[in-house]
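Participant: First the structure, then my questions, so here it is.
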Amino acid sequence: MCNVGTTHEGRKIMALRFTNPVSARINATLPKKQFYVQGGIHARELISHAATQYFAYHLATSNETAITTLLDETEVVLVPVVNPGGYAYTWNGDRLWRKNRHVNNDGSSGVGTF
């Protein structure tokens, strides 16, 4: 797990990295390809958070040939919640909040559309 950024409120944006560090790749001299997935862009769309977390769980626990082959050849980078401030606010403030929690120059909150 690594920190890939910080929100306006100081919340960490965390990423998970999955790969098989030692693998029998055909051309091991080339760097692995990367596959990036992010969820939780819109705070109130909770299924994207859950789906990304489920994918992470599946990558971490599966012994399926398709998954092990993917991890042999690729590094998968997942950011389950790219908008942690907005996500937290949907649980503790406004359930229908969609944006992030950035305070704008006019005093309003959030960057994005409704």
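Coordinate-derived values only; no laboratory data. In this text the structure is predicted, and so the values were computed from the model without any measurement. FYI the Cβ positions are ideal-geometry reconstructions off the backbone, even for glycines, and counts take in every protein chain you see.
Participant: Between residue 94 and residue 9, what FRET efficiency follows from the Cβ-Cβ distance if R0 is 22 Å, with the result rounded to 0.05?
Facilitator: So the FRET efficiency works out to roughly 0.90.
Participant: For residue 41, which sequence-distant residues (separation of 5 or more, or a different chain) have an amide H within less than 5 Å of its own amide H, given hydrogens modelled in the peptide plane?
Facilitator: 82
Participant: Taking θ as phi - 60°, what are the ³J(HN,Hα) couplings along the range 3-19 by the Karplus curve (6.51, -1.76, 1.60), each to the nearest whole Hz, with x for Gly and Pro?
Facilitator: Coupling constants for the range 3-19: 7, 10, x, 9, 7, 4, 8, x, 7, 6, 9, 9, 10, 10, 10, 10, 6 Hz.
Participant: Treat every Asp and Glu Cβ in the range 1-98 as -1 and every Lys and Arg Cβ as +1, leave all other atoms uncharged, and give the resulting dipole magnitude about the Cα centre to the nearest 20 debye.
Facilitator: 200 debye
Participant: Let me ask you something else. Determine the gain in length on full extension of the stretch residue 30-residue 66; use 0.36 nm per residue of separation and subtract their C-alpha separation, reporting nm with one decimal. Mind showing how you got there, number by number?
Facilitator: Numbers: separation 36, 0.36 × 36 = 12.96 nm, distance 2.10 nm.
Taking residue 30 through residue 66 to full extension adds about 10.9 nm, to one decimal.
Participant: Follow-up. Which one of 81, 8, 53 has its Cα pushed farthest toward the positive end of the charge dipole of the chain, where Lys and Arg give +1 and Asp and Glu give -1 at the Cβ?
Facilitator: Checked the options; the winner is 8.
Participant: Averaging over every viewing direction, what projected area does the convex hull of the Cα atoms of the chain cover, in nm²?
Facilitator: Values: hull surface 35.0 nm².
Computed as one quarter of the Cα hull surface, the answer is 8.7 nm².
Participant: In addition: Relative contact order for the chain using alpha-carbon pairs under 8 Å, separation at least 6, rounded to a whole percent?
Facilitator: 32 percent
Participant: Name the residues whose placed amide hydrogens come within less than 5 Å of the amide hydrogen of residue 4, ignoring near sequence neighbours (fewer than 5 apart) on the same chain.
Facilitator: The answer is 13, 14, 15.
Participant: Count the DSSP beta bridges whose two residues both fall in the chain, then state the antiparallel fraction as a percent rounded to the nearest 5. It would help to have the intermediate numbers written out before the result.
Facilitator: Numbers: 8 of 14 bridges.
The antiparallel proportion sits near 55 percent.
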